[in-house]
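Colleague: My questions will all concern the structure given below.
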Amino acid sequence: MGFCPQCGSSEPLVEMAGKPGASIAAAEVVGLQSAAERSDNRLATGWGEIDRVLGGGVVAGSVLLLGGEPGVGKSTLLLEVASRAARRGQRVLYVSAEESTAQVRLRAGRTNALVDELYLASETDLSVIL
């Protein structure tokens, strides 16, 4: 990258793992049966198959990662899910890290996904998105 995304320093990055005095965070590991159970409210997409795959809908505040080969329709699918939520009055932010806003806007026009409550950003830096 040429600079540290945290502090902006252009000094060389140094690997700290395994060095004396280096602090490495560890995740808490628990048995699955003893893990705390949560019943999150889910936002139904209104698209039966998607809701079924997501266990009843999208968990508010969650992040979904959808993977697949290039060109199989991941972006188109998620744009459709976002537009359906926006049509039901939910405010939706669609963030694309690979396509420009102009590219997503063209797809939205072709797929009838232009909705008032659907907002769009093209950004790769999570801190900027947040």
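Colleague: Sort through SER96, SER122, SER83, SER100 and tell me the only one that's under 30 Å from GLY8 (Cα atoms), modelled with pLDDT of 90 or more, open to solvent by less than 40 Å² (accessible area, probe 1.4 Å) and among the hydroxyl-bearing types (Ser, Thr, Tyr). Spell out how you get there, then give the answer.
Modeller: Details: SER122 fails: open to solvent by less than 40 Å² (accessible area, probe 1.4 Å); SER83 fails: under 30 Å from GLY8 (Cα atoms); SER100 fails: open to solvent by less than 40 Å² (accessible area, probe 1.4 Å).
Just a single option satisfies the conditions, and that option is SER96.
Colleague: Moving on. Out of (1) aliphatic (A, V, I, L, M); (2) loosely packed, with under 11 Cβ neighbours inside 10 Å; (3) within 12 Å of the chain's Cα centre (by Cα), what's the single condition that is false for VAL58?
Modeller: Evaluating VAL58 over (1) aliphatic (A, V, I, L, M); (2) loosely packed, with under 11 Cβ neighbours inside 10 Å; (3) within 12 Å of the chain's Cα centre (by Cα) leaves (2) as the failure.
Colleague: Answer with yes or no whether ARG38 is among the charged types (D, E, K, R) and either in a loop (DSSP other than H, G, I, E, B) or over 19 Å from the mean Cα position of the chain (by Cα) (or both).
Modeller: On the way: among the charged types (D, E, K, R): yes; either in a loop (DSSP other than H, G, I, E, B) or over 19 Å from the mean Cα position of the chain (by Cα) (or both): yes.
Spelling it out, ARG38 is indeed among the charged types (D, E, K, R) and either in a loop (DSSP other than H, G, I, E, B) or over 19 Å from the mean Cα position of the chain (by Cα) (or both).
Colleague: Among the residues of segment 30-55, what is the count of those that are touching a helix residue (DSSP H, G or I) at 6+ places or on another chain (Cβ under 9 Å), open to solvent by 50 Å² or more (accessible area, probe 1.4 Å) and either touching a residue at least 40 places away in the same chain (Cβ under 8 Å) or over 20 Å from ARG87 (Cβ atoms) (or both)?
Modeller: Adding up the residues that qualify gives 2.
The values are calculated or read from the model by the stated rules, or taken from the named source; none is laboratory data. A quick note: this is a predicted structure, and the numbers were derived from the prediction, not measured. Heads up, the Cβs are rebuilt from the backbone with ideal geometry, glycines too, and the neighbour counts pull from every protein chain shown. Accessible surface areas use protein heavy atoms only, side chains included; no ligands, DNA or RNA. Shrake-Rupley method; radii C 1.70, N 1.55, O 1.52, S 1.80 Å.
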